[in-house]
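I have placed the structure first, in the form of structure tokens, so that the comments after it can refer back to it.
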Amino acid sequence: MTLRLNEDFPVNEEGDIVMARRLVREFALQRGFGSTDITRIVTAASELIRNIYVYAGKGFMRVSFNEEVVRVGITLTFSDQGPGIPDIAKAMEPGYSTGRSMGMGLSGSKRLMDELTIRSEVGKGTTVIIVKWLSK
Ligand SMILES: Nc1ncnc2c1ncn2[C@@H]1O[C@H](COP(=O)(O)OP(=O)(O)OP(=O)(O)O)[C@@H](O)[C@H]1O
Ligand SMILES: [Mg+2]
């Protein structure tokens, strides 16, 4: 399985998480990020892919490069058609988990990235978008 820029990478099984991490690392390297930022991006991606796998069973990841006049960056989108999140503010709180887990995936990802946006609708699914800008 390969991941092309702007194309959906399916997440269907636990093994896909390992592959997705590797692909995100390669793209971040290609975009010019240093090792510290790459670790942050891969860690956040890993948490969000795991959420797809755990809560929705399956979904997609998509990677794209941001090109603005004054800055460039990377955007990763994670979407699923799972149960959705009833209270997004609560889900963003460190330590909040509906499972028996740490509840650090979403809050930790927000901390590691420059931007994190969640769209979610109960019964429809969830989309999480994270952005990291390349510092000059
Ligand atoms: N894709 C998703 N679909 C449905 N619910 C989700 C999704 N992602 C997160 N959630 C909900 O948000 C809560 C918080 O997610 P978060 O990743 O922060 O913590 P966690 O998965 O419970 O624990 P951890 O990630 O630390 O192992 C989850 O317990 C779950 O209820
Ligand atoms: Mg999680």
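The values are calculated or read from the model by the stated rules, or taken from the named source; none is laboratory data. Model, not experiment: these values are computed from the prediction. Cβ: placed from backbone, ideal geometry, glycine included. Neighbour counts: every protein chain shown.
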(message) Among the residues in the stretch 79-91, are any among the acidic types (Asp, Glu) and in contact (Cβ under 8 Å) with a residue 40 or more places away in the chain?
(response) yes
(request) Would you be able to say whether some residue in the stretch 75-87 is part of a helix (DSSP H, G or I), surrounded by 16 or more Cβ atoms within 10 Å (Cβ to Cβ) and over 11 Å from the mean Cα position of the chain (by Cα)? (result) no
(request) Run Ile49 past the list (1) surrounded by 14 or more Cβ atoms within 10 Å (Cβ to Cβ); (2) farther than 19 Å from Leu5 by Cβ; (3) of a type in the set (Val, Ile, Thr); (4) more than 8 Å from ligand 1 (Cβ to nearest atom) and report the number of the one that doesn't hold. (result) (2)
(request) Identify, by number, the condition in (1) loosely packed, with under 14 Cβ neighbours inside 10 Å; (2) assigned to a strand (DSSP E or B) that Ile129 doesn't meet. (result) (1)
(request) Go through Ser120, Ser97, Ser46 for me and flag whichever is part of a loop (DSSP other than H, G, I, E, B) and not hydrophobic (A, V, I, L, M, F, W, C). (result) Ser97
(request) Kindly list the number of the only condition in (1) within 8 Å of ligand 1 (Cβ to nearest atom); (2) out of contact with any Ser or Thr (no Cβ under 8 Å at 6 or more places or on another chain) that fails for Asp87. (result) (1)
(request) Look through the stretch 73-110, keep the residues that are among the charged types (D, E, K, R) and within 13 Å of ligand 2 (Cβ to nearest atom), and return whichever of them is nearest to Lys124 (Cα to Cα). (result) Asp80
(request) Considering each residue of the stretch 110-136, count those that are among the polar types (S, T, N, Q), farther than 26 Å from Val69 by Cβ and more than 8 Å from ligand 1 (Cβ to nearest atom), and give that number. (result) 1
(request) Hey, can you tell me all the residues within the stretch 99-136 that are at pLDDT below 95 and under 30 Å from Gly32 (Cβ atoms)? (result) Ser135, Lys136
(request) Keeping to the stretch 1-41, report how many residues are in contact (Cβ under 8 Å) with a residue 24 or more places away in the chain and in a helix (DSSP H, G or I). (result) 13
(request) Kindly establish whether Lys132 is in contact with a strand residue (DSSP E or B) (Cβ under 9 Å, 6 or more places away or on another chain), away from ligand 2 (no atom under 16 Å from the Cβ) and of a type in the set (Lys, Arg). (result) yes
(message) Quick check on my filter: what residues within the stretch 52-61 are near ligand 1 (Cβ under 8 Å from one of its atoms) and part of a strand (DSSP E or B)?
(response) Gly59
(message) Criterion first (over 17 Å from Arg111 (Cβ atoms) and either of a type in the set (Val, Ile, Thr) or touching a helix residue (DSSP H, G or I) at 6+ places or on another chain (Cβ under 9 Å) (or both)) does Phe78 satisfy it?
(response) no
